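Encoded as structure tokens, the structure appears first; notes follow it.
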Amino acid sequence: MFKVLRLIDIRCSLQYIPQNSLSIMPMYNGYETPEYQVIDGPVKDASYEVRKYPTAKWTSTEVSSPVLDGAPSTGFRRLFNYITGKNESGNTISMTCPVTIAVNNRESAFANMKTIVSFYVPTSHQEKPPVPTADDVYTEDRKETTVYVKTFGGFAKSKDWYNQVTQLREDLIKDGVKEDQIKSDMFYAVSYDNPYKFFWRRNEVWITKKSNKETLSSNKNKIQNPMKNKLQSFKNDSENNEDNANLAPR
């Protein structure tokens, strides 16, 4: 009986996986999910997936927390208030999944972690989402994005998110993806299931692939910065030499 239930759960969990085509993905465990396209990765049979998400609106809130584990509950509570009527229309909005948490680098070792917790806006409200009435909730226009995705199970804690995203990054580098082709200042911690689901939970970490324009800009800066530093060094040497000349006895 256990094996049968497990098989059913696995089949339900795998129904969202498209095959190199745009998937509308109407439901995951009863919740609407955003569409995406699976595209070819750097190697075949990789331990991760490459997805392209089209431009879409998400409802978001910024949460500052000393640890990653503190962000989801605070953000979820704000967003839940929004979808249950804390908006200008006063309407209830359908819950969707996943919940994405954009995890940004700390500004310093003493600073809190800055995260952005987001719900996908349902298709029925994509064109004109109800305006939030809370100051700390807003509608985010998320541009078309390509992400590298690693999926894992269990109740994810802070160390799990970081272990998984570190492994994903190492796999990408091993497979030939260059450092300047991915965003290294942030990643997404992504959760699909509510806290009351105890088995076969689905979590993901996303690393964003830079656009060609962003990669070119990054490479350009790498070329310009050494030259800028060299010119500054020449300028400093020149100024020092001039100062020494002025100090010299006449």
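Each residue in region 84-112 was checked for being among the hydrophobic types (A, V, I, L, M, F, W, C) and part of a loop (DSSP other than H, G, I, E, B), and 6 of them qualify.
Every residue, every condition in (1) in contact (Cβ under 8 Å) with a residue 12 or more places away in the chain; (2) hydrophobic (A, V, I, L, M, F, W, C), yes or no:
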| residue | (1), (2) |
| --- | --- |
| Asp160 | yes, no |
| Gln167 | yes, no |
| Lys174 | no, no |
| Lys178 | no, no |
| Met186 | yes, yes |
| Ser191 | yes, no |
| Arg202 | yes, no |
| Val205 | yes, yes |
| Lys209 | yes, no |
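Just to be sure, is Asp175 more than 18 Å from the chain's Cα centre (by Cα), modelled with pLDDT of 95 or more and under 30 Å from Val43 (Cβ atoms)? Considered against the rule, which asks whether it is more than 18 Å from the chain's Cα centre (by Cα), modelled with pLDDT of 95 or more and under 30 Å from Val43 (Cβ atoms), Asp175 comes out as yes.
The single condition among (1) in a loop (DSSP other than H, G, I, E, B); (2) modelled with pLDDT of 95 or more; (3) among the polar types (S, T, N, Q) that Thr139 does not meet is (1). Of everything listed in (1) in contact with a Gly (Cβ under 7 Å, 6 or more places away or on another chain); (2) loosely packed, with under 15 Cβ neighbours inside 10 Å, the single unmet condition for Glu170 is (1).
Considering only residues in region 38-79 that are under 20 Å from Arg142 (Cα atoms) and surrounded by fewer than 16 Cβ atoms within 10 Å (Cβ to Cβ), the one that is farthest from the chain's Cα centre (by Cα) turns out to be Ile39. Any residue in region 106-126 that is under 13 Å from the mean Cα position of the chain (by Cα), loosely packed, with under 13 Cβ neighbours inside 10 Å, closer than 23 Å to Pro34 by Cβ and not small (Gly, Ala, Ser)? For region 106-126, residues under 13 Å from the mean Cα position of the chain (by Cα), loosely packed, with under 13 Cβ neighbours inside 10 Å, closer than 23 Å to Pro34 by Cβ and not small (Gly, Ala, Ser): absent.
The values are calculated or read from the model by the stated rules, or taken from the named source; none is laboratory data. This is a predicted model, so every value here is computed, not measured. Cβ atoms come from the backbone with ideal geometry, glycine included; neighbour counts cover every protein chain shown.
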